[in-house]
Amino acid sequence: MAGGWARDGAVNEQIEASISEELARMKTRGSPVGESLTHCAECEEEIPAARREAIPGVKLCIDCQQDRDGAYQPRGGINRRGSKDSQLK
């Protein structure tokens, strides 16, 4: 199904590209790197040894990590189609 001047399959390609980009962003988001800290980088509480062993490279305690994960993180959306409907969302 083509819309307007688009070739057949163009809409599906755009959807697949959006999904691929989002999956790539999610895979690279927040992966700890390096050596684990013994104390939280934000609140200075001790990070339990079990957490440091379970997640190599951990920098935050459980409470601070939960606060960070729950925080709203806006990101720029891409208006691939440029249609009026996609601009209103």
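Every number in this text was worked out from the coordinates using simple rules, so none of it is lab data. Given the structure is predicted, the values throughout are model-derived calculations rather than measurements. Cβ sites come from the backbone with ideal geometry, for glycine too, and all protein chains shown count toward neighbours.
Key figures for this structure:
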quantity	calculated
Within-9-Å neighbourhood charge of Leu37 [Cβ basis; K, R +1; D, E -1]	+1
Debye equation applied to the C-alpha atoms of segment 10-70, log10 I(q)/I(0) at 0.19, 0.20, 0.25 Å⁻¹	-0.71, -0.75, -0.99
FRET efficiency, Asp67 to Leu23 (Cβ-Cβ, R0 30 Å, nearest 0.05)	0.75
Spin-label pair Arg51/Asn12, simplified geometry with 7 Å Cα→Cβ offset, distance in nm	4.7 nm
